Amino acid sequence: MKTIICLNCIISVVFTLCYAYQFFYIFVGLLKKPKETDTEKLHKFAVVISARNERDVIGQLIQCINKQNYPKELLDVFVVADNCTDDTAAVARQAGAVVYERFNKEQVGKGYALDWMFNIIQTEYAEKNYEAYIIFDADNLLDPNYVMEMNKTFDNGYRIITSYRNSKNYDSNWISAGYSLWFLREAKFLNNPRMQLGCSCAISGTGFLVSADVIKENGGWIHHLLTEDIEFTIDSVVHGEKIGYCAKAVLYDEQPTKFSQSYHQRLRWAKGFYQVFANYGGKLASGIAKRSFSCFDMLMTIMPAMLLTLLSTLINAIAIPMGIISGSPDTPVLIATLAHTLLNFYGLFFLLGCITTITEWQQIHCRAWKKLVYMFTFPLFMITYVPIAIVALFKKIEWKPIKHSVVKTLDEVKIDV
């Protein structure tokens, strides 16, 4: 039992050492304002949307794109209706997008759909000379200046750029709020400080720009693990690419509201993180050896927290029952240590949720009392990752689409009701 207690202490120390730098990020995010950027050139972009049975929401996204404060002749919209069984393609065409329908039951997932669409654009629309692609999911909504702000960062030399990820349905329940707070925290206190300090940022799901040159150099979209966004991020970083962040390009994303949906989505994410670590962990370690802080940052992002939490859970799940059965006098101490660890876990994520809620208060669109309540439920949402990560270790997981049904305009999203 004393050995188990000692192991718990070691895990806590290692966890602190791994993530102490992210507390520094918090101070950077609080104290250092983003640099003002300007643009000398308006670039030509192709918006690419991969959509599977998204007829309910894709029209609102295309309307947001059509209403951008950006020259229409420099912005074209392409939709790949991927294995759709509804009229997503017809809705997208009616809204003004160029639509291609893809049917492939073997190569399933967003990464394959993007690669297919990029190949079409590069061959059939070569004369358009698109300088970059902006990638969205069909459920997204955009602030009117989104593309203009991304253009400024692109014009300042970044070939890959992520944006500020807000939520369409923060106020739905504790699950959607949990997702939303995490993404707001990621934008404000991870990607924002990285950008200020000259480090590489991380792509998160949707709302990002990638230079056409990057796609050509890679030979298309070559990332097909379960979390293709994280794989793309890590692969770019290990090859020396510095990913930028545009704080003023605001995107609104729909989050799951049912735990069953959240379970399956996060199960895929957890498995995807394991896959990315298995494929790129060694390359990141090599980058760290060459004094790349971004490689260290990305390695911390994809693995240690999950690994250390799983190790601690496994050790205590075995040790406590054995101690109770054997009547070990150290068992109460072990139980107290575990309770203290859980309390620290709750306290840490409550602090992160609290700081994010306060700083992003005006960006969170729901009633004030809900914002306060969801600060307390945020740690519980994060704790549910632990069993999900354990299951992901052993379960075979395939990509499955998430149904989107929050049909709102941008004005409706911004009403705090």
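The values are calculated or read from the model by the stated rules, or taken from the named source; none is laboratory data. Keep in mind that this is a model prediction, so the values were computed, not measured. Because the Cβ atoms are built from the backbone with ideal geometry, glycine has one as well, and the counts that use them run over all protein chains shown. Areas reflect the complete protein model, heavy atoms only, side chains present, ligands, DNA and RNA absent. Shrake-Rupley method; radii C 1.70, N 1.55, O 1.52, S 1.80 Å.
Tabulated data
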quantity	calculated
Hey, Tyr164 open to solvent by less than 40 Å² (accessible area, probe 1.4 Å) and touching a residue at least 12 places away in the same chain (Cβ under 8 Å) or not	yes
When residues of the range 232-259 are limited to those that are under 15 Å from Gly198 (Cα atoms) and out of contact with any Cys (no Cβ under 9 Å at 6 or more places or on another chain), the one surrounded by the fewest Cβ atoms within 10 Å (Cβ to Cβ)	Gly240
Qualifying residue in the range 33-48 (condition: in contact with a strand residue (DSSP E or B) (Cβ under 7 Å, 6 or more places away or on another chain), under 27 Å from Lys400 (Cβ atoms) and buried (at least 19 other Cβ atoms within 10 Å of the Cβ))	yes
Filter result for the condition that a residue is at pLDDT below 95, at negative phi and either hydrophobic (A, V, I, L, M, F, W, C) or not in a loop (DSSP other than H, G, I, E, B) (or both), over Val77, Val147, Val108	Val108
Residue match in the range 174-196 (condition: in contact (Cβ under 8 Å) with a residue 12 or more places away in the chain, open to solvent by 10 Å² or more (accessible area, probe 1.4 Å) and not in a helix (DSSP H, G or I))	no
Which numbered condition Ser262 fails, given (1) at pLDDT below 95; (2) in contact with a strand residue (DSSP E or B) (Cβ under 9 Å, 6 or more places away or on another chain); (3) polar (S, T, N, Q)	(2)
Odd one out for Asn191, checked against (1) modelled with pLDDT of 95 or more; (2) touching a helix residue (DSSP H, G or I) at 6+ places or on another chain (Cβ under 9 Å)	(2)
Among (1) among the β-branched types (Val, Ile, Thr); (2) free of Cβ contacts under 8 Å to residues at least 24 places away in the same chain; (3) in contact with a strand residue (DSSP E or B) (Cβ under 8 Å, 6 or more places away or on another chain), the one test that Thr123 misses	(3)
Exclusive hit being at pLDDT 90 or above, assigned to a helix (DSSP H, G or I) and either open to solvent by 80 Å² or more (accessible area, probe 1.4 Å) or touching a Pro at 6+ places or on another chain (Cβ under 9 Å) (or both), set Phe349, Phe345, Phe381	Phe349
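Results for (1) touching a residue at least 60 places away in the same chain (Cβ under 8 Å); (2) within 18 Å of Asp155 (Cα to Cα); (3) in contact with a Gly (Cβ under 7 Å, 6 or more places away or on another chain), shown as yes or no for each residue.
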site	(1), (2), (3)
Gly198	no, yes, no
Cys201	no, yes, yes
Val214	no, yes, no
His223	yes, no, yes
